[in-house]
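Below: the structure, in structure tokens.
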Amino acid sequence: MKKCLLSIFTLLLPILTYAQEIEELSFGQRIDRAFQPIADWWEGFVLTSVSLGEYNVPFVVILLVLGATFFTVYFGFPNIRRFPLAINTVRGKYDDVEGGHHAENKVAVNIVDGDLPDTIRDESKEGEVSHFQALATAVSGTVGLGNIAGVAVAIAIGGPGATFWMIVCGLIGMSTKFVECTLGVKYRDVGEDGTVYGGPMYYLSKGLQERGFKGIGKFLAVLFAILCVGASFGGGNAFQSNQAAQQLSDLVGWNFQTAGFWIGLVIAIIVAVVIIGGIKRIANVTEKIVPFMAGIYVLAALIIIGANYRFIDDAFSLILEGAFTPMAGLGGIVGVLIVGFQRAAFSNEAGAGSAAIAHSAVKTKYPASEGVVALLEPFIDTVVICTMTALVIIFFNMDDASTVQAAFTYGGDGAGNVILNETGRAVGGVELTSRAFDAVIPHFSYVLTVAIILFAFSTMISWSYYGLQSWKFLFGRGKGADLAYKVLFLLFVVIGASTTLDAVIKFSDAMILALVFPNMIGLFFLFPKVKEEMSKYLGAIKASKEEK
């Protein structure tokens, strides 16, 4: 009997110990413990590697790079050759080509209560909208925590060299964005009430059916929609609330492990007022403030770069050297390349297809015109703003603007954090960027905190629209389905604010990058259609010039 009881106690001891540990944890820590294994598994699945010589490279990165490079070459380097055309289109130089207010094929877009097409209001409201307004709205939604926190994570893990590969990814990603946004407008769907529905779900299903691949198209469309819903929960939600909670906790002096859950709960309530209540006033105000905050962020970065203008060449030397001769322990050239491409893809979403969901609602007679405008987004977001953030962090880590690693050692803990030399404390994401700004502009972290919260709020609302569009594609356009999605979305606001950066980064990265699989396969089937649309647009411009 004693032996039997002893055996039972031995079996129960690990369970009792685990239960005691759980009881001692805060609610946020319990969520983190439950979420971490899911994030680890999903990242491992999506980032499945293939061997290339001595290197193991995630297949999704290969697909992203090869796809973007192919489109860049096939379309004759549109990221360079069509750059002036994009600027002129944004300026409204070719508005007469598109017929102005009397353009053919105009689609009347209705705002449905609670559905928040208001997050892309400037691109889809009734009446003609200029390309400049469309670009300004899209960029204000793109510029956010990917530029602030994502760059810090890239440099922490991959060193300055990761910046070079982010820039490369941004440049070739311009071509991918051009292709997917052109297709988004071409194959958009219009509901009976005039509401526009668009994105990869529709050009995968309708476009591939047109090419005689109905079954494959439907499968890829459903797969994309499922992954896009997941991405809206991850990169478009959990990462945003995590970094907003982290920055606020650090600024106020709260313990993130205990305060994160409550901060996330407050953020979820504020987001709920917009996406469930259908109250557009808050979204309208935020829509006006976010571009202003983005402007302040860029101005502050320029001030810091200007203050260190003598050492810009030193910083770029570190970036170039680190890209091809990485510092010890940072994973070699391929390791740094992968980090750079992951962070750039997370920031500008080129290849993921999410931008096509927003752009498909834009009124234009020629789909390629919006594709041309869209190629400016990765340039502004990644090539310009991400590089600014990288320079600020690199300057922060220079001892009297020399190449000595003064504040921290690149590589850190490998999970997106660096260890500060002065205190031995691990910092990463927005906290690292905030410290870099504070080093030159004292107390800028207070302004940055406001900006981060607004960026996070704006991005969450935008991604709630992307996810909702995908959810509708899967489950129909009824109110019950809408409510179910929104409840789940709000739940992930709290989960994101309660978990560690490592877990959120893994889950968010994998979700965003997973979109590349179905989207890029569809782009490879449909890119000839983009060439046809581009020829129509260029032909219209040429004819207009001849008439004049």
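Take ASP40, ASP381 and sort them by solvent-accessible surface of the protein heavy atoms, 1.4 Å probe, largest at the top.
Heavy-atom accessible area, descending, gives ASP40, ASP381.
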Q.
Could you sort the peptides 213-222, 237-246 by per-residue average Cβ neighbour count (10 Å cutoff), highest mean leading?
A. 237-246, 213-222
(Q) Cβ neighbours within 10 Å, averaged per peptide: list 372-380, 350-358, 61-69 in order, most packed at the top. (A) 350-358, 372-380, 61-69
Q) How large is ³J(HN,Hα) for each residue in the range 514-531, as worked out from phi by the Karplus curve 6.51 cos²θ - 1.76 cosθ + 1.60 (θ = phi - 60°), to whole Hz, x for Gly and Pro? A) 5, 4, 4, 4, x, 5, 5, 4, x, 5, 5, 6, 9, 4, x, 5, 5, 4
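Using per-residue counts of other Cβ atoms within 10 Å, averaged over each peptide, order 389-398, 462-471 from highest down.
462-471, 389-398
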Q: Name the long-range amide H neighbours of TYR197: under 5 Å, sequence gap of 5 or more, or other chain; modelled H, no Pro or chain starts.
A: ASP189, VAL190, GLY191
Q. For the range 363-491, what is the charge dipole size about the Cα centre, in debye to the nearest 20, if Lys and Arg each add +1 at the Cβ and Asp and Glu each add -1 at the Cβ?
A. 920 debye
Q | About the Cα centre, charge dipole magnitude for the range 423-489 (Lys/Arg +1, Asp/Glu -1 at Cβ), debye | A | 300 debye
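The values are calculated or read from the model by the stated rules, or taken from the named source; none is laboratory data. Small disclaimer: the values here were computed from a predicted structure and weren't measured. With ideal geometry, Cβ positions are generated from the backbone for all residues, glycine too; neighbour counts draw on all protein chains shown. SASA here: full protein model, heavy atoms, side chains in, ligands and nucleic acids out. Shrake-Rupley method; radii C 1.70, N 1.55, O 1.52, S 1.80 Å.
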